[in-house]
């Protein structure tokens, strides 16, 4: 029987990582600023990818932990696993990845990531892997058009090739958002959750935002699993949750 112990983690090219993300990740979109790409292999076949890089709004995220140097943290921009991977592959892969980062990049103190509880999940794997929940906010940044396409507001404002296809022209800043609204786009109902993992435990002492109890997710109504919102009528995660693809990261 194949288990999570049978997977192998190794660096891969950005090209290979992007191809897998486009095939497997729920958004179908890559994070162009990813710099470190780690592949997840099963029987020598690439079945998953974890992509790390700087945050898009680095000045704000850097301030989450006071005294962090400009290159002292990474964001897990994308995490995409195929259904071929066995149960618990995500948490094992994250553990191996963090050990690799500690060894190769000792200046990295912490890892930031987000869960998209508008389309995917609330971060069950992060909680199982030792991340701290450090933020829950109602979604205002991921927009959906009437034809179903979802995109972050920063993409609406800055992805000029996308604008030419969607709008037929290039628009700047708020003008792009106004055009998106005119075409019927609006923020998707749901929440975004922020998680932090401390590679160096002493950095936790410098955290500038509160650590929230995991029960807060249920309290605010942000529970989601594989794109399905968990409600009072259906409040629990399915048995066996924690297998392949329960949640992937979002970069807004």
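The values are calculated or read from the model by the stated rules, or taken from the named source; none is laboratory data. Here the structure is a predicted model, which is why all the values come from computation and not from measurement. Glycine gets a Cβ as well: all are built from the backbone with ideal geometry, and neighbour counts include every protein chain shown.
Checking the conditions here, which among 23, 45, 59, 78 is modelled with pLDDT under 95 and more than 28 Å from residue 204 (Cβ to Cβ)? Spell out how you get there, then give the answer.
Numbers: 45 fails: modelled with pLDDT under 95; 59 fails: more than 28 Å from residue 204 (Cβ to Cβ); 78 fails: more than 28 Å from residue 204 (Cβ to Cβ).
Within the list 23, 45, 59, 78, the selection yields 23.
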Query raised in the report: Within the range 195-221, restricting attention to residues that are touching a helix residue (DSSP H, G or I) at 6+ places or on another chain (Cβ under 9 Å) and part of a strand (DSSP E or B), which residue is surrounded by the fewest Cβ atoms within 10 Å (Cβ to Cβ)?
Result: 197
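Condition check ((1) touching a strand residue (DSSP E or B) at 6+ places or on another chain (Cβ under 6 Å); (2) buried (at least 19 other Cβ atoms within 10 Å of the Cβ)) across all residues:
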{"position": "40", "(1), (2)": "yes, yes"}
{"position": "46", "(1), (2)": "yes, no"}
{"position": "51", "(1), (2)": "yes, yes"}
{"position": "92", "(1), (2)": "no, yes"}
{"position": "96", "(1), (2)": "yes, no"}
{"position": "119", "(1), (2)": "no, no"}
{"position": "126", "(1), (2)": "yes, yes"}
Query raised in the report: Looking at (1) under 24 Å from residue 81 (Cβ atoms); (2) in contact with a helix residue (DSSP H, G or I) (Cβ under 6 Å, 6 or more places away or on another chain); (3) modelled with pLDDT of 95 or more, which is the only condition residue 128 fails?
Result: (3)
Query raised in the report: Scanning for something assigned to a helix (DSSP H, G or I), touching a helix residue (DSSP H, G or I) at 6+ places or on another chain (Cβ under 9 Å) and in the same structural domain as residue 14 (by TED's automatic domain parsing), does the range 76-89 turn up at least one residue?
Result: yes
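Conditions (1) outside the structural domain of residue 121 (by TED's automatic domain parsing); (2) more than 30 Å from residue 71 (Cβ to Cβ); (3) modelled with pLDDT of 95 or more, marked per residue:
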| position | (1), (2), (3) |
| --- | --- |
| 155 | yes, no, no |
| 158 | yes, no, no |
| 174 | yes, yes, no |
| 202 | no, no, yes |
| 205 | no, no, yes |
| 208 | no, no, yes |
| 211 | no, no, yes |
